[in-house]
1. Suppose we keep only residues that are surrounded by fewer than 17 Cβ atoms within 10 Å (Cβ to Cβ) and under 9 Å from D31 (Cα atoms) within the stretch 48-73. Which one would you say is modelled with the lowest pLDDT?
2. Given (1) crowded, with 21+ Cβ neighbours inside 10 Å; (2) within 11 Å of the ligand (Cβ to nearest atom); (3) more than 27 Å from R220 (Cβ to Cβ), where does Q79 come up short, assuming only one miss?
3. List, please: which pairs have Cβ atoms under 6 Å, are six or more places apart or on different chains, and start with a residue in the stretch 41-56 that is farther than 16 Å from A70 by Cα and end with one that is among the β-branched types (V, I, T) and in a strand (DSSP E or B)?
4. Among the residues of the stretch 86-117, write down those that are within 16 Å of the ligand (Cβ to nearest atom) and surrounded by fewer than 17 Cβ atoms within 10 Å (Cβ to Cβ).
5. Scan the stretch 123-140 for residues that are in contact with a helix residue (DSSP H, G or I) (Cβ under 7 Å, 6 or more places away or on another chain) and more than 13 Å from T163 (Cα to Cα) and report the count.
6. For the stretch 90-123, name all the residues that are out of contact with any strand residue (DSSP E or B) (no Cβ under 9 Å at 6 or more places or on another chain) and not polar (S, T, N, Q).
Amino acid sequence: MSLNHTATSFFIGNIPINGRLILAPMDGYTDSPMRLISKQFGSAVSISEFINAIDIKQGHPHLLSQITFAECERPFAYQIFDDKPERMLAGALKLREHNPDYIDINMGCSAKNVSNRGAGAGLLKHPQKIGEIVESLVKHLDVPVTAKIRLGWDDNSLNYLETSRIIQESGASAITVHARTRKMEYSGSARWEAICEVKAQLSIPVIGNGDVKSLADAERMMAQTGCDAVMIGRAAIGNPWIFSGSQREEQPRSELLRVVEHHLDLMVQHYGEKIGVMVFRKHLTRYLHGYLSTPEIRRNIYSQEKEMELFESICSLLNSTDPLES
Ligand SMILES: Cc1cc2nc3c(=O)[nH]c(=O)nc-3n(C[C@H](O)[C@H](O)[C@H](O)COP(=O)(O)O)c2cc1C
């Protein structure tokens with residue numbers, strides 16, 4: 001199957017998806033700037049960081065940044081999470097006013113403050129509630145609804161075949177499977193064979209996720225599981241080249257600088273200079289992996305508060321240092 005992103009590969013409801021590599025939603029990372037850059041390199045879909053339905057109800061100050069997206073990010077989805085079906089629906093209806101292409105429901109977040117209150121992966125303990133939530137969003141929204149799950153709460157409650165069947169029967173248009181349990185969090189290896197089982201029993205598109213670190217991994221996941229697309233999370237941080245089939249380590253310094261400058265610029269446009277420069281540091285850590293080799297270098301880079309000064313420091317670092325082997 002081709003990973004090419006110029007032709008339609010599959011549909012989420014009536015939305016054509018061009019390409020089979022998708023940037024995973026990642027809280028604290030996949031804001032509009034990171035999604036835009038990933039899209040430019042070939043990510044087929046943009047999905048927001050997960051948005052708390054309680055924050056939508058209460059009008060949390062971070063909401064504006066979380067809901068902002070650019071037209072060129074389309075197809076674009078908001079991801080929402082909660083444990084209360086009525087509040088989830090109210091939140092999804094509010095998000096719908098901002099005109100996303102579809103809405104994704106988070107059923108996989110393993111963070112304790114989310115899953116222990118029954119939201120995110122906490123929903124996996126209540127398959128009936130999952131059905132209720134999906135059915136209600138599908139009924140009241142005029143855009144496709146999708147869900148992202150894990151394999152179950154722990155190894156004693158692996159219920160991905162049940163939850164994925166309920167999600168499809170309740171009217172969802174696609175499902176993403178992060179092939180770990182909630183208990184595994186991000187440890188151990190993703191169990192791709194479970195993605196294969198889900199794909200075999202469903203007719204809606206299945207997006208596989210977990211431990212894809214390169215185009216070769218993505219091709220291997222598709223070949224082994226038959227999934228319709230592959231979602232890439234951690235390996236895409238500071239490495240948008242992954243969506244075009246190469247890796248950060250293979251880029252000449254001029255290309256690394258070009259993308260860092262572009263990303264920094266988008267961050268400053270999105271957050272303003274003070275916050276934008278600060279939030280960019282975690283991306284920079286990944287872009288400059290191998291270069292930030294001494295405490296002095298790190299101090300110099302991380303103490304910069306102005307866009308121009310930060311970029312000049314990065315330029316002089318790249319021009320004067322060879323990266324350490326990782
Ligand atoms: C920092 C971080 C934040 C995340 N936030 C979200 C989120 O908001 N919504 C979600 O569905 N998954 C979230 N995830 C999980 C990823 O989408 C993905 O399922 C997971 O990282 C496995 O994929 P990977 O092995 O390619 O990283 C997050 C992961 C990380 C590392």
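The values are calculated or read from the model by the stated rules, or taken from the named source; none is laboratory data. The model shown is predicted, which means the values in this text are computed figures rather than measured ones. Cβ coordinates were reconstructed from backbone atoms using ideal geometry, including for glycine residues, and neighbour counts include every protein chain displayed.
1. S65
2. (3)
3. These pairs meet every condition: I51/I80; A53/I80.
4. Listed by number, the residues that qualify are A111, K112, N113, R117.
5. Residues that pass the stated criteria total 3.
6. A90, L93, K94, E97, A111, K112, R117, G118
Table: residues versus (1) surrounded by 13 or more Cβ atoms within 10 Å (Cβ to Cβ); (2) within 20 Å of the chain's Cα centre (by Cα); (3) modelled with pLDDT of 95 or more.
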site: A216; (1), (2), (3): no, yes, yes
site: E219; (1), (2), (3): yes, yes, yes
site: G238; (1), (2), (3): yes, yes, yes
site: L257; (1), (2), (3): yes, no, yes
site: D265; (1), (2), (3): yes, no, yes
site: E309; (1), (2), (3): no, no, yes
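Residues are listed down the side, and each one gets a yes or a no for (1) surrounded by 17 or more Cβ atoms within 10 Å (Cβ to Cβ); (2) farther than 26 Å from L63 by Cα:
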site	(1), (2)
A200	no, yes
G208	yes, yes
G233	yes, no
G276	yes, no
L288	yes, yes
T294	no, yes
R298	no, yes
